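Data first, discussion second: the structure below is written as structure tokens.
The values are calculated or read from the model by the stated rules, or taken from the named source; none is laboratory data. Keep in mind that this is a model prediction, so the values were computed, not measured. As a convention, Cβ positions derive from the backbone with ideal geometry for all residues, glycine included, and neighbour counts pool all protein chains shown.
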Amino acid sequence: MFIELRVYTGLEKYLGISHGEKMAVAFDGDTTIRDILGRYNIPAVEVTAALVNGLHKTLDYCLQDGDRVSLFPPVGGG
Amino acid sequence: MPRLLRINMSTREAKYEDVPEKYLPLGGRALTSQIVCDEVPPACHPLREFNKLVIAPGLLSGTTAPSSGRLSFGGKSPLTGGIKEANAGGICSQKIASLGLKAIVVEGMPKEQGTWIAKVSPDGTEIIAADDLAGKGTYELTAILRERYGSKVGVICNGPAGEMMLAGAGVASNDGEGNSSRYAGRGGLGAVLGSKRLKAIVIDSPATYGVPVHDKEKFSVAAKKFAKILLDHPVSGTGLPSYGTNVLMNVISEAGTLPVRNFSNNGRFEHANEIGGESLARIAKERKGGRVAHACHPGCVIRCSNAYPMPDGRICSPVEYETAWGFGANLEIKSLDTIAELNYICNDVGLDTIEAGVALGVLMEAGAIPFGDDAAAIAALNEVGKGTPAGRILGNGADFVGKAYSVTRVATVKGQGIPAYDPRACKGMGVTYATSPMGADHTAGYAVTANILKVGGFVDPLKAEGQIELSRNLQVATAAIDASGLCLFVAFPVLDNPDGLPTIVEMLNAQYDLTLTTDDVLALGKSMLKSELAFNEGAGFTKAADRLPEFFCTDKLAPHNTVFDISDAELDSVFRT
């Protein structure tokens, strides 16, 4: 199974990809967002918003095949 | 004692007055709205002699309070027909306050043809005939006035759009480098200035921090504490200086609430990343003359501004999120260079970038020019400064374009264009758009905080529950912040840090020798809104004006397939408590 992972606003440094670049990430069985953070050494404390298919989820969300996962540190503006 | 300066354009006389006692505790939006309520007949024509343009620094402006350089502009809006306050950064607020002025009131209207400027300095105010400056773009105008009066002056001015009294015209002021890009953009107040035929107000003040402070020691302690609160918060301390406000583009798109293609039924833009803050910051670092972490006024510790180098060497400073959205995702344009060009034209011609972006979206919806056509968008916007019929239609805003082309998908409330958050998937923002006395204005009660950014708690953006209370509380708190002269971005730490609001109150108490509580400050916010709503009632507004355009309630927005479903009765309850 795969998810589409995108990271933004500085988190890209942990993955060695560009911000917003789509990355297919394979996973098996019960895998959470937190597990994915661990796999790439992304500190959980730096992730304020974990959007799955556009909806805020906790880091303990169990990934489903085909999920679009977008991770952000604290951001604001307006 | 601070004074009020009245610039009477009927007689071209300037007069200083003692500040009436009831105005002493007011500043910024609290003062502009109160003076408008007291002196402008709500039913008057906004472009005739009975309307006034009131300019007031916030209560903390001109002190060393961090990020306190906001300047409020108020009057009856030619765009909404209701009361308006728009505020801007730049260097003028601190200078006006340091001249001992609580407010400048531009009133009356010349019977003769002509163009004038006013020069305000410690020696007094002169009103000077300036026919040679008529029709100038704001960049050239500001450069001429800085050359004439010194490079440190502040220049509040109008572009040709304001002179033509177009309802999408904003009032420009400058940053420390002389860019005339600090806009009190919304609501057409540039047209009010244009109706007075006052092309510019030059603020010549030797001081930036010249406002007297009652208890300097207490003030200094509180100001330092407040600076630390701002710098310690990840949004105001790290995110905004690193990427600017346009850092929002990707998160709003990923959350599925980015208006795309004139508020179509898709809330994501596939090219969001190309026009977002991360890409902007990279270009600003790569090209000569680019900057991030740029402060729009002295003493701002947040420094969310940027300088975007355009391909031909001109600098557009800043490019903000709502502008990048309005000229980007909203028009299906995916080039930051094109966005910067459209932004620069607006700055020069004197247009609000949000209104211009929404208006161009409606023009594209009409089929007059294609979506995603960069050159056509630039050409259409360039017509405004020329004063052609097509340019005048566009410059009068989104509603006007919609009427001219019989387009029914027009995202406005009270005639003002809805900014960069689709209310179908960010419903708290929809409540603010619908109910703010200012018309559709994201800054009036920025529910994106709790809906999307998880600042100040979390309220599910797709559900109706909790949005009324969220918007109400934010509108009250925002009104109070708009009175203080603090940048609204202090709200990010203030919403998360319980010491935030009490520290603002400590600064106010130390400055003015008061014993205010946080409740008093919020009561001020409530009372301001009450006055503004009463003005709008006098101007003829009914509950029917507090509604979103129909299509938001009928057409589902992907990817969440939601509509705006907060009932009329709930909307009417926002200000009932």
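Which numbered condition trips up B:Arg314, out of (1) closer than 27 Å to B:Ile252 by Cα; (2) free of Cβ contacts under 8 Å to residues at least 40 places away in the same chain?
The failed condition is (1).
Which pairs have Cβ atoms under 7 Å, sit 6 or more apart or on different chains, and link a residue in region B:53-80 that is under 30 Å from B:Asp399 (Cβ atoms) to one that is among the aromatic types (Phe, Trp, Tyr)?
Correct list of pairs: B:Leu53/B:Phe73; B:Ile55/B:Phe73.
Give B:Leu501, B:Leu470, B:Leu495 a once-over and let me know the one that is within 14 Å of another protein chain (Cβ to nearest Cβ) and either in a helix (DSSP H, G or I) or on the phi > 0 side of the Ramachandran plot (or both). Steps first, please.
Details: B:Leu501 fails: within 14 Å of another protein chain (Cβ to nearest Cβ); B:Leu470 fails: within 14 Å of another protein chain (Cβ to nearest Cβ).
Selected residue: B:Leu495, the only one of B:Leu501, B:Leu470, B:Leu495 that is within 14 Å of another protein chain (Cβ to nearest Cβ) and either in a helix (DSSP H, G or I) or on the phi > 0 side of the Ramachandran plot (or both).
Hey, can you tell me all the residues within region B:539-552 that are out of contact with any helix residue (DSSP H, G or I) (no Cβ under 8 Å at 6 or more places or on another chain) and surrounded by fewer than 16 Cβ atoms within 10 Å (Cβ to Cβ)?
Selection gives B:Gly540, B:Thr542, B:Ala544, B:Glu550.
Taking B:Glu383, is it at pLDDT 95 or above, within 25 Å of the chain's Cα centre (by Cα), farther than 27 Å from B:Thr443 by Cβ and of a type in the set (Asp, Glu)?
On the way: at pLDDT 95 or above: yes; within 25 Å of the chain's Cα centre (by Cα): yes; farther than 27 Å from B:Thr443 by Cβ: yes; of a type in the set (Asp, Glu): yes.
For B:Glu383, the condition - at pLDDT 95 or above, within 25 Å of the chain's Cα centre (by Cα), farther than 27 Å from B:Thr443 by Cβ and of a type in the set (Asp, Glu) - is met.
Check region B:328-337 and report whether any residue there is crowded, with 22+ Cβ neighbours inside 10 Å, modelled with pLDDT of 95 or more, under 17 Å from the mean Cα position of the chain (by Cα) and not polar (S, T, N, Q).
No, because not a single residue in region B:328-337 is crowded, with 22+ Cβ neighbours inside 10 Å, modelled with pLDDT of 95 or more, under 17 Å from the mean Cα position of the chain (by Cα) and not polar (S, T, N, Q).
Only one residue in B:Leu280, B:Leu240 is facing chain A (nearest Cβ under 10 Å) and either in contact with a strand residue (DSSP E or B) (Cβ under 8 Å, 6 or more places away or on another chain) or buried (at least 24 other Cβ atoms within 10 Å of the Cβ) (or both), so which one is that?
Numbers: B:Leu280 fails: facing chain A (nearest Cβ under 10 Å).
After ruling out the rest, the residue left standing is B:Leu240.
Please determine whether any residue of region A:21-42 is closer than 26 Å to B:Ser305 by Cα and either of a type in the set (Asp, Glu) or within 14 Å of another protein chain (Cβ to nearest Cβ) (or both). Walk me through it before giving the result.
First, pick out the residues of region A:21-42 that are closer than 26 Å to B:Ser305 by Cα: A:21.
If we keep only those that are either of a type in the set (Asp, Glu) or within 14 Å of another protein chain (Cβ to nearest Cβ) (or both) as well, we get A:21.
Yes, region A:21-42 contains at least one residue that is closer than 26 Å to B:Ser305 by Cα and either of a type in the set (Asp, Glu) or within 14 Å of another protein chain (Cβ to nearest Cβ) (or both).
Applying the selection to region B:437-456, what residues are surrounded by fewer than 24 Cβ atoms within 10 Å (Cβ to Cβ), at positive phi and in contact (Cβ under 8 Å) with a residue 24 or more places away in the chain?
Scanning region B:437-456 gives a single hit, B:Gly456.
It is to be established whether one or more residues within region B:62-74 are touching a His at 6+ places or on another chain (Cβ under 6 Å) and either assigned to a loop (DSSP other than H, G, I, E, B) or farther than 22 Å from B:Arg303 by Cα (or both).
At the first step, the residues of region B:62-74 found to be touching a His at 6+ places or on another chain (Cβ under 6 Å) are B:69.
Next, from what is left, pick out any that are either assigned to a loop (DSSP other than H, G, I, E, B) or farther than 22 Å from B:Arg303 by Cα (or both): B:69.
Yes, region B:62-74 has at least one match.
If I ask for residues that are closer than 13 Å to B:Glu322 by Cβ and hydrophobic (A, V, I, L, M, F, W, C), which ones from region B:412-452 would you list?
Listed by number, the residues that qualify are B:Ile418, B:Ala420, B:Met429, B:Ala440, B:Val448.
Residue-wise test of (1) within 21 Å of A:Phe72 (Cβ to Cβ); (2) in contact (Cβ under 8 Å) with a residue 12 or more places away in the chain; (3) in a helix (DSSP H, G or I).
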site	(1), (2), (3)
B:Thr257	yes, yes, no
B:Arg261	no, yes, no
B:Asn273	yes, yes, yes
B:Gly299	no, yes, no
B:Ala324	yes, yes, yes
B:Ile333	no, yes, no
B:Asp337	no, yes, yes
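So which residues in region A:52-78 are more than 13 Å from chain B (Cβ to nearest Cβ) and either polar (S, T, N, Q) or outside any loop (DSSP other than H, G, I, E, B) (or both)?
Across region A:52-78, the qualifying residues are A:Cys62, A:Gln64.
In the list B:Pro419, B:Pro437, B:Pro423, which residue meets the criterion of being within 30 Å of A:Thr48 (Cα to Cα), more than 14 Å from chain A (Cβ to nearest Cβ) and touching a Gly at 6+ places or on another chain (Cβ under 8 Å)? Steps first, please.
Values: B:Pro419 fails: more than 14 Å from chain A (Cβ to nearest Cβ); B:Pro437 fails: within 30 Å of A:Thr48 (Cα to Cα).
Checking each option against the conditions leaves just B:Pro423.
Please go through region B:21-44 and give me each residue that is part of a loop (DSSP other than H, G, I, E, B) and surrounded by 13 or more Cβ atoms within 10 Å (Cβ to Cβ), ordered by number. Please lay out each step first, then the result.
We begin by selecting, within region B:21-44, every residue part of a loop (DSSP other than H, G, I, E, B); these are B:24-27, B:40-44.
Selection gives B:Leu24, B:Pro25, B:Leu26, B:Gly27, B:Val40, B:Pro42, B:Cys44.
Filter region B:468-505 down to the residues that are under 23 Å from the mean Cα position of the chain (by Cα) and polar (S, T, N, Q), then identify the one that is surrounded by the fewest Cβ atoms within 10 Å (Cβ to Cβ).
By that ranking, first place goes to B:Asn473.
Scan region B:110-149 for residues that are on the phi > 0 side of the Ramachandran plot and part of a loop (DSSP other than H, G, I, E, B) and jot them down.
Of region B:110-149, the ones on the phi > 0 side of the Ramachandran plot are B:114, B:124, B:135.
B:Gly114, B:Gly135, listed by residue number.
What do you reckon, is B:Ser317 surrounded by fewer than 20 Cβ atoms within 10 Å (Cβ to Cβ), more than 14 Å from chain A (Cβ to nearest Cβ) and polar (S, T, N, Q)? Give the derivation first.
Working: surrounded by fewer than 20 Cβ atoms within 10 Å (Cβ to Cβ): no; more than 14 Å from chain A (Cβ to nearest Cβ): yes; polar (S, T, N, Q): yes.
So B:Ser317 does not fit the description; no.
Of all residues being among the aliphatic types (A, V, I, L, M) and within 14 Å of another protein chain (Cβ to nearest Cβ) in region B:453-467, which is farthest from A:Val47 (Cα to Cα)? Just the residue, please. Step through it out loud before you land on a result.
Filtering region B:453-467 for residues among the aliphatic types (A, V, I, L, M) gives B:453, B:455, B:459, B:462, B:464.
Filter once more, keeping what is within 14 Å of another protein chain (Cβ to nearest Cβ): B:453, B:455, B:459, B:462.
On the way: B:Leu453: 12, B:Val455: 13, B:Val459: 18, B:Leu462: 22 Å.
The residue in question is B:Leu462.
Could you please give the count of residues in region B:397-436 that are assigned to a loop (DSSP other than H, G, I, E, B) and touching a residue at least 60 places away in the same chain (Cβ under 8 Å)? Reasoning before the result, please.
Of the residues in region B:397-436, the ones assigned to a loop (DSSP other than H, G, I, E, B) are B:397, B:406-411, B:414-415, B:418-426, B:436.
Those still in the list that are touching a residue at least 60 places away in the same chain (Cβ under 8 Å) too: B:397, B:408-411, B:414-415, B:418-426.
Going through region B:397-436 one residue at a time, the tally reaches 16.
Picking from B:Lys218, B:Lys285, B:Lys225, which residue would you name as being basic (Lys, Arg), in a helix (DSSP H, G or I) and in contact with a strand residue (DSSP E or B) (Cβ under 8 Å, 6 or more places away or on another chain)? Lay out the reasoning, then the answer.
Details: B:Lys218 fails: in contact with a strand residue (DSSP E or B) (Cβ under 8 Å, 6 or more places away or on another chain); B:Lys225 fails: in contact with a strand residue (DSSP E or B) (Cβ under 8 Å, 6 or more places away or on another chain).
The conditions single out B:Lys285.
Please count how many residues of region B:1-23 are among the hydroxyl-bearing types (Ser, Thr, Tyr), closer than 29 Å to B:Lys111 by Cβ and in contact with a helix residue (DSSP H, G or I) (Cβ under 9 Å, 6 or more places away or on another chain). If you could, list the steps in order and put the result at the bottom.
Residues of region B:1-23 among the hydroxyl-bearing types (Ser, Thr, Tyr): B:10-11, B:16, B:23.
Add one more test, that the residue is closer than 29 Å to B:Lys111 by Cβ, and what stays is B:10-11, B:16.
Checking which are in contact with a helix residue (DSSP H, G or I) (Cβ under 9 Å, 6 or more places away or on another chain) leaves us with none.
Here the count works out to 0.
Looking at the structure I just gave you, is B:Leu189 within 14 Å of another protein chain (Cβ to nearest Cβ) and of a type outside the set (Ser, Thr, Tyr)? First the steps, then the outcome.
Numbers: within 14 Å of another protein chain (Cβ to nearest Cβ): no; of a type outside the set (Ser, Thr, Tyr): yes.
So B:Leu189 fails the test.
Is it true that B:Leu508 is within 14 Å of another protein chain (Cβ to nearest Cβ) and either of a type in the set (Gly, Ala, Ser) or assigned to a helix (DSSP H, G or I) (or both)?
On the way: within 14 Å of another protein chain (Cβ to nearest Cβ): no; either of a type in the set (Gly, Ala, Ser) or assigned to a helix (DSSP H, G or I) (or both): yes.
The answer is no for B:Leu508.
Within region A:1-17, identify whether any single residue is assigned to a loop (DSSP other than H, G, I, E, B) and surrounded by 21 or more Cβ atoms within 10 Å (Cβ to Cβ), and answer yes or no. If you could, list the steps in order and put the result at the bottom.
Taking region A:1-17 first, the residues assigned to a loop (DSSP other than H, G, I, E, B) are A:1, A:8-10, A:15-17.
If we keep only those that are surrounded by 21 or more Cβ atoms within 10 Å (Cβ to Cβ) too, we end up with A:8-9.
Within region A:1-17, one or more residues are assigned to a loop (DSSP other than H, G, I, E, B) and surrounded by 21 or more Cβ atoms within 10 Å (Cβ to Cβ).
Residue under question is B:Lys526, and the condition is that it be more than 19 Å from B:Leu71 (Cβ to Cβ), more than 14 Å from chain A (Cβ to nearest Cβ), touching a residue at least 12 places away in the same chain (Cβ under 8 Å) and among the charged types (D, E, K, R); does it hold?
On the way: more than 19 Å from B:Leu71 (Cβ to Cβ): yes; more than 14 Å from chain A (Cβ to nearest Cβ): yes; touching a residue at least 12 places away in the same chain (Cβ under 8 Å): yes; among the charged types (D, E, K, R): yes.
For B:Lys526, the condition - more than 19 Å from B:Leu71 (Cβ to Cβ), more than 14 Å from chain A (Cβ to nearest Cβ), touching a residue at least 12 places away in the same chain (Cβ under 8 Å) and among the charged types (D, E, K, R) - is met.
Within the set of pairs 6+ apart or on separate chains, which have a first residue in region B:545-567 that is farther than 18 Å from B:Pro419 by Cα and away from chain A (no Cβ under 14 Å), a second that is of a type in the set (Val, Ile, Thr) and in a helix (DSSP H, G or I), and C-beta atoms under 7 Å apart?
Close Cβ pairs satisfying both conditions: B:Ile566/B:Val431.
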